[in-house]
Every structure is written in structure tokens, then in C-alpha cells.
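The values are calculated or read from the model by the stated rules, or taken from the named source; none is laboratory data. Keep in mind that this is a model prediction, so the values were computed, not measured. Neighbour counts are summed over all protein chains in view; Cβ atoms, including those assigned to glycine, are modelled from backbone coordinates with ideal geometry.
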Amino acid sequence: MGKITSGAGVALAVAMAVLAGCRQEEPRKAESLPALPAPQSLERGEALFRQNCSPCHPDGGNVSDPERTLHGSDLRSHHIARPEDIVRIMRNPVSRMIRFDTTTISDQDAMTIAEYVLTTFR
Ligand code: HEC
């Protein structure tokens, strides 16, 4: 009896964790983006990039990891193709990159930076 109850408890906990995980991903997917960012948003992207990313990624390079620049070929080989992929890295960097959370860079600004990166460093 005890066993059955705790088994169900575990299954429920797992199901709830899965549901919670899905709910967190939802808002990001709902955003629909234009194919090409507007010029003024690229300008803002550039300013934000200079401020937050340039010290480590001058001209889209990478001062501490030359194999992980922001140039298209490097991004593609690391499966980074969409603005969302770049935002994901800003929120959860691989290792040495500092983490940018939503209090540092809002989701909207993060998308603006990501679009700037994808259209600028090819
Ligand atoms: C403190 C230095 C530093 C800053 C600031 C920084 N990065 Fe990085 N970035 C890195 C390093 C180091 C890596 C390599 C992966 C790692 O160690 O996390 C990296 C990797 C990346 C990658 C993956 C590149 C690839 O080819 O795999 C992206 C995309 C990226 N950074 C975007 C950004 C953006 C956008 C910003 C600004 C919001 C930023 N980074 C700010 C150091 C930095």
C-alpha cells in the first residue's frame, strides 16, 4: 500500500515537472518575428551589442574562444541559426561567457541583439 502511494507520488511529481517545463518555454515560441528586422531595431541592436557583448566579441569575434565567434559558419556548426538560439545562450551560456538574465537584458532587447548578430556577422 505504502509502495503504491509513493510510486504514484513520484509519477505525479515527474508529470508536474514536465508540465512546468513546457509552460516556461511557451511565451518565447508565441513570438512571431518579421523575416528582416527594421533598420531602427538593427541600430538599437548595435548599440546594445556594443554595450554588452563587444568587450568579448569585438567585430563578432571571440577574445577567449576563437572557435566560438559570432560568424555564421561558427554559429551554424554549433546549431545556432535562429534569434531564439542566441537568446538561449545569453540566458544559459556554455561555460566562460557571463550570463545575461532578464533583469540585465529584457527578452525584447535580447531578441534585438540576436537579430543584429545574425544579420551583421555572416
Ligand atoms: C565575458 C565575455 C563575454 C561577454 C560579455 C559575452 N560573451 Fe558570448 N561568449 C563568450 C565565450 C567565452 C563564449 C564561448 C562559449 C562559452 O565559454 O560560454 C561565448 C559564446 C557565445 C555564443 C556562441 C558562439 C558559437 O559559435 O558557439 C554566442 C551566440 C554569444 N556568445 C553571444 C553573446 C552575446 C549576444 C553577448 C552580449 C549580450 C555576449 N555573447 C557577451 C564570452 C562572452
- Query: Residues of the stretch 94-108 being surrounded by 13 or more Cβ atoms within 10 Å (Cβ to Cβ) and either among the aliphatic types (A, V, I, L, M) or within 9 Å of the ligand (Cβ to nearest atom) (or both), which ones?
  - Reply: Met97, Phe100, Ile105
- Task: Please list, ordered by first then second residue, the pairs with beta carbon atoms under 8 Å, 6 or more apart or interchain, first in the stretch 55-84 and closer than 17 Å to Arg122 by Cβ and surrounded by 13 or more Cβ atoms within 10 Å (Cβ to Cβ), second at pLDDT below 95 and not charged (D, E, K, R).
- Result: Arg68/Val94; Pro83/Leu33
- Message: Please determine whether any residue of the stretch 90-106 is part of a helix (DSSP H, G or I) and modelled with pLDDT of 95 or more.
- Response: yes
